[in-house]
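The values are calculated or read from the model by the stated rules, or taken from the named source; none is laboratory data. The shown structure was predicted, so the numbers you read here are calculated from the model rather than taken from an experiment. No Cβ is skipped: glycine too gets one built from the backbone with ideal geometry, and neighbour counts run over all protein chains shown. Protein only, heavy atoms only, side chains kept; ligands, DNA and RNA dropped before computing areas. Shrake-Rupley method; radii C 1.70, N 1.55, O 1.52, S 1.80 Å.
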Amino acid sequence: MKTLVRLGQNAILAAFALCIFFPLYITLMTSFKSSGEVYDRPLALPETFLFSNYATAWFDGKIGDYFLNSVIVTGLSLAGILAFGGMAAYSLSKSAFVFGKWLYPVFLIGIMIPIQVYMVPLYLLVSRLGLGDSHTGLILCYISMKMSFAVFIITGFFRTISREIVQAAEIDGCSEFGLLWHIYVPMARPAFATVAILAVVQIWNDVVLPLLFLRGNELKTIPVGLINFRGEFMSDYSLLFAGVVISSIPLLVLYSFLQKWFVRGLTTGAVKG
């Protein structure tokens, strides 16, 4: 009986893995095919791996420009989220901070409100500040939107740090900034890694805000750029899939470097906090 149960579980897991890897296989193989092969042999390996598809997508399709815009927006947004979120979490995790227990639920409200509720007021605010159609306005929106989640995860992790370690550093004359930089941040690397991975994935793949704020093609990020790319090369799926593969590479690289901290950050920070 146990053998049958185990075989059933393995069959379910294998089917689940196939559902995940089959679209990835199709995407990757299609990106190396010619236009004729995409229609004639959609599931087969390419007869010749056409790496020129990537060069064409990068230069002629302007994927390189969209890619650079996404790197700028995502990188600066992430830096702001981690910096401001870390400082806010440090204050909220300190028992001496009188208003901490009142401000912490306020931050959590931001997680519960969907973007559709405040999309119009957000657009009006950014436009009236003169930050519409700019990376600056988009970056500030991302920082403010992701702060709630960052504070939630990092505060929970900061509260698990041993008080004895902090007191020893204070006796040695460590300042508040020194405590944050030398004690809290190194010990909370899993929390920062968790926030970094989830924030980057959401910002990098976001279509709504760039489509709402950015009008000029020279400012558009890669998800919006792929929409334009699809319109320009609608019949050439090999180039379109090459653009999709290019857009996914940074996320794979980031996760490969930070994956060992990811689960620890979610379980320790969220559960104990």
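Compared with the dominant principal axis of the Cα atoms in the chain, helix 63-93 is inclined by about 20°.
When Rg and the Kirkwood radius Rh are both evaluated on Cα atoms of the stretch 189-248, their ratio Rg/Rh stands at 1.08.
Dipole size in debye (nearest 20) for the stretch 5-118 around its Cα centre, Lys and Arg Cβ +1, Asp and Glu Cβ -1? Its charge dipole is roughly 600 debye.
For the stretch 179-255, trypsin sites (Lys or Arg not before Pro) are listed when DSSP marks them as loop and at most 15 other Cβ atoms sit within 10 Å of their Cβ; the list is R215. Counting Lys and Arg as +1 and Asp and Glu as -1 over every other residue whose Cβ lies under 14 Å from the Cβ of V38, the net charge comes to -2. By how many degrees, 0 to 90 and rounded to 10, does the Cα axis of helix 135-158 deviate from the longest principal axis of the chain? Tilt relative to the chain: about 60 degrees.
The candidates F59, F67, arranged from most to least accessible area with a 1.4 Å probe in the full protein assembly, appear as F59, F67. Relative contact order for the chain: what is it in percent, counting Cα pairs under 8 Å that are at least 6 residues apart? So the answer I get is 31 percent. Computed from the C-beta positions of S144 and L4 and an R0 of 41 Å, the FRET efficiency is 0.15 to the nearest 0.05. Projected onto the charge dipole of the chain (+1 at Lys/Arg Cβ, -1 at Asp/Glu Cβ, origin at the Cα centre), which of M119, P42, L28 gives the Cα projection farthest towards the positive end? Farthest towards the positive end: M119. Helix 222-232 and the long axis of the chain differ in direction by around 20°, with both axes built from C-alpha atoms.
For the listed peptides 83-89, 205-211, a ranking on the average number of other beta carbons within 10 Å per residue, highest first, reads 83-89, 205-211. Modelled spin labels at E164 and K94, positioned 7 Å past Cα toward Cβ, are 2.3 nm from each other. Just report the Cα centroid separation between the stretch 100-145 and the stretch 194-222, whole Å. Answer, in whole Å: 14.
Each peptide among 137-148, 10-21 gets the average number of other Cβ atoms lying within 10 Å of its residues, and from highest to lowest they stand as 137-148, 10-21. Compute log10 of I(q)/I(0) for the stretch 115-258 with the Debye formula, placing one identical point scatterer on every Cα and leaving out solvent, at q = 0.11, 0.12, 0.16 Å⁻¹, to two decimals. Here log10 of I(q) over I(0) equals -0.61, -0.69, -0.98. With the highest mean first, a sort of the peptides 101-107, 154-160 on other beta-carbon atoms found within 10 angstrom per residue produces 154-160, 101-107.
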